[in-house]
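The values are calculated or read from the model by the stated rules, or taken from the named source; none is laboratory data. In this text, all values refer to a predicted model and were calculated from it rather than measured experimentally. Cβ: placed from backbone, ideal geometry, glycine included. Neighbour counts: every protein chain shown. Side chains are part of the model used for accessible areas, which takes the heavy atoms of the whole protein and leaves out ligands, DNA and RNA. Shrake-Rupley method; radii C 1.70, N 1.55, O 1.52, S 1.80 Å.
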Amino acid sequence: MATFREALRAKQKLVKAWKKMPGVIGIGVGFEKGTKKKGGHCIVLYTANASATVAKRCPKHVHVKKHLAKGLAKVPVRTIVSGRCCCHRNYRPAATGVYRRRIRPVVAGYSVGYPGISGTAGLIVSPAARRARRYLLSNNHVLNRNNTSGYTETIQPGGADGGRSGISRIGRLYRFVRLRKNANNYLDAALSIPTSNRLLAPRYATVGAVRGHVAGYAVGARFKKVGRTTGRVSGVVESIHTDIDVDYGSAGGLGVIRFRNQTVIRGQRAISLPGDSGSVWLTSGNYAAAVNFAGSEDGRLSISFPVHWAMQAFGIRVARASGSIGQLRRAAAGRRRRAGYTRPLTAAQLRQIIIKKAAKRRTGSKKRRQ
């Protein structure tokens, strides 16, 4: 039975051989028996299809040095046919649905975006140093028109739900993590700054107050979230430390780009469909855990990154109605127990992340009022 450390070491070894496994779109660490910890850990391979060629090139196990003993550990490989994974920008026309309507003040879980596009308002956050200021946290591809520093207004509801430029404006793109081709990406995240703090309420649809966020979580953790399209759903963490290819299509000229150390969450039904991008997974105790930004073709897999990474990158915390900020809940105590959790970004990884500040207004135009 492989330990988490052995499985992680085997995953890192297999990532180096990725080019020899055509059809594989993701490599992570999970449980050999699905959601059951008893069988030990394994490598999880996500594949575009179930063809014989793909099956032939995928190994059944990987040998690595044992963690606490002499000899080699045999780490099993579990293959899951996921189909391709893609980011979810919504181009469909306005449709009915409670989370697609206009709401003031805006709370997490509702439609947001820019003209033509709808995603989900993920969290209402505040800078750790300026707690009175509020921002809206979502994905880069939800709040940023083309992955550049140009002006992008934020409207609620989003453009696919009837939101209109100017009339529905609640703010503008403030800061974002630039997504990159031919480089390692860690998070698809952006902040919108409101025209007035009163337009954002530090609440989460159907849940109420979010108590704070967690620094890490393990395979098998159970989460819930509210998204613009799928509404309130639940899911189980299937794999963590997952390197995965995500198709952005023509968005920002990105095409297929690779993300490192992501989280894959599985639902019994669709949990990540177009329009759900930016929605934030919560623990049963109402702590923010992960940010959804992409999904499998059938919507049953959510590709997410730990919300703690966004907190680190932007220097923010969950906003509270009292004007305070939410708690940071650490991972389980003890080095051995923490080993199986997602990890904060290291200083070296943070240096790789490019954070850009967006323009305050359109070039050559006057600033519009809401």
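Each residue in the stretch 97-106 was checked for being under 14 Å from residue 231 (Cα atoms) and either modelled with pLDDT of 95 or more or in a loop (DSSP other than H, G, I, E, B) (or both), and 4 of them qualify. The criterion of at least 1 residues that are farther than 24 Å from residue 259 by Cα and not charged (D, E, K, R) is met by the following strands (runs of 3 or more DSSP E) wholly inside the stretch 289-360: 316-318, 327-329. From the list 57, 5, the lone residue that is surrounded by fewer than 20 Cβ atoms within 10 Å (Cβ to Cβ) and touching a helix residue (DSSP H, G or I) at 6+ places or on another chain (Cβ under 7 Å) is 57. When the stretch 147-189 is limited to residues that are in contact with a Pro (Cβ under 9 Å, 6 or more places away or on another chain) and part of a strand (DSSP E or B), the one that is most open to solvent (accessible area, probe 1.4 Å) turns out to be 172.
Working only within the stretch 190-204, note down all residues that are assigned to a strand (DSSP E or B) and either surrounded by 18 or more Cβ atoms within 10 Å (Cβ to Cβ) or in contact with a His (Cβ under 7 Å, 6 or more places away or on another chain) (or both). 190, 191, 192, 193, 194, 200, 202, 203, 204 - these are the residues of the stretch 190-204 that are assigned to a strand (DSSP E or B) and either surrounded by 18 or more Cβ atoms within 10 Å (Cβ to Cβ) or in contact with a His (Cβ under 7 Å, 6 or more places away or on another chain) (or both).
Any residue in the stretch 72-87 that is of a type outside the set (Phe, Trp, Tyr), closer than 30 Å to residue 153 by Cα and open to solvent by 10 Å² or more (accessible area, probe 1.4 Å)? Yes, there is a match, as at least one residue in the stretch 72-87 is of a type outside the set (Phe, Trp, Tyr), closer than 30 Å to residue 153 by Cα and open to solvent by 10 Å² or more (accessible area, probe 1.4 Å). Residue 314 falls short of the stated requirement of being open to solvent by less than 40 Å² (accessible area, probe 1.4 Å), touching a helix residue (DSSP H, G or I) at 6+ places or on another chain (Cβ under 8 Å) and at pLDDT 95 or above.
Yes/no per residue for (1) more than 25 Å from residue 114 (Cα to Cα); (2) not hydrophobic (A, V, I, L, M, F, W, C):
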{"site": "179", "(1), (2)": "no, no"}
{"site": "194", "(1), (2)": "no, yes"}
{"site": "210", "(1), (2)": "yes, no"}
{"site": "216", "(1), (2)": "yes, yes"}
{"site": "228", "(1), (2)": "no, yes"}
{"site": "232", "(1), (2)": "no, yes"}
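For the stretch 299-308, the criterion of being within 19 Å of residue 28 (Cβ to Cβ), touching a strand residue (DSSP E or B) at 6+ places or on another chain (Cβ under 8 Å), open to solvent by 20 Å² or more (accessible area, probe 1.4 Å) and not aliphatic (A, V, I, L, M) is satisfied by at least one residue.
Taking the conditions exactly as written (more than 30 Å from residue 287 (Cβ to Cβ), of a type in the set (A, V, I, L, M, F, W, C), surrounded by fewer than 24 Cβ atoms within 10 Å (Cβ to Cβ) and modelled with pLDDT under 95), does residue 94 satisfy them or not?
On the way: more than 30 Å from residue 287 (Cβ to Cβ): yes; of a type in the set (A, V, I, L, M, F, W, C): yes; surrounded by fewer than 24 Cβ atoms within 10 Å (Cβ to Cβ): yes; modelled with pLDDT under 95: yes.
When the stated conditions are applied, residue 94 passes them.
The residue of the stretch 1-41 that is farthest from the chain's Cα centre (by Cα), among those that are within 20 Å of residue 221 (Cα to Cα) and in a loop (DSSP other than H, G, I, E, B), is 2. Restricting to the stretch 255-277, and then to whatever is open to solvent by 10 Å² or more (accessible area, probe 1.4 Å) and outside any strand (DSSP E or B), can you tell me which residue is nearest to residue 346 (Cα to Cα)? Checking each candidate, the answer is 255. For the stretch 25-54, a residue qualifies if it is β-branched (Val, Ile, Thr), touching a helix residue (DSSP H, G or I) at 6+ places or on another chain (Cβ under 8 Å) and surrounded by fewer than 23 Cβ atoms within 10 Å (Cβ to Cβ), and exactly one does: 47. Within the stretch 213-244, the residues that satisfy the criterion of being surrounded by fewer than 19 Cβ atoms within 10 Å (Cβ to Cβ) and part of a strand (DSSP E or B) are 218, 222, 224, 231, 232, 234, 236.
Looking across the stretch 186-219, the residues that are farther than 17 Å from residue 127 by Cβ and in contact with a helix residue (DSSP H, G or I) (Cβ under 9 Å, 6 or more places away or on another chain) come down to 186, 187, 188, 205, 214, 215, 216, 218, 219.
Being touching a helix residue (DSSP H, G or I) at 6+ places or on another chain (Cβ under 8 Å), among the β-branched types (Val, Ile, Thr) and buried (at least 24 other Cβ atoms within 10 Å of the Cβ) is the requirement here; does residue 142 meet it? First the steps, then the outcome.
Numbers: touching a helix residue (DSSP H, G or I) at 6+ places or on another chain (Cβ under 8 Å): no; among the β-branched types (Val, Ile, Thr): yes; buried (at least 24 other Cβ atoms within 10 Å of the Cβ): yes.
No; evaluated as a whole, the condition is false for this residue.
Number of residues in the stretch 42-90 that are part of a strand (DSSP E or B), out of contact with any Pro (no Cβ under 9 Å at 6 or more places or on another chain) and under 19 Å from residue 10 (Cα atoms): the value is 14.
Restricting attention to the stretch 279-295, the residues that are farther than 14 Å from residue 232 by Cα, surrounded by 24 or more Cβ atoms within 10 Å (Cβ to Cβ) and not hydrophobic (A, V, I, L, M, F, W, C) add up to 1. Filter the stretch 134-146 down to residues that are in a loop (DSSP other than H, G, I, E, B) and either out of contact with any Ser or Thr (no Cβ under 9 Å at 6 or more places or on another chain) or of a type in the set (S, T, N, Q) (or both) and give me whichever is farthest from residue 112 (Cα to Cα). Result: 146.
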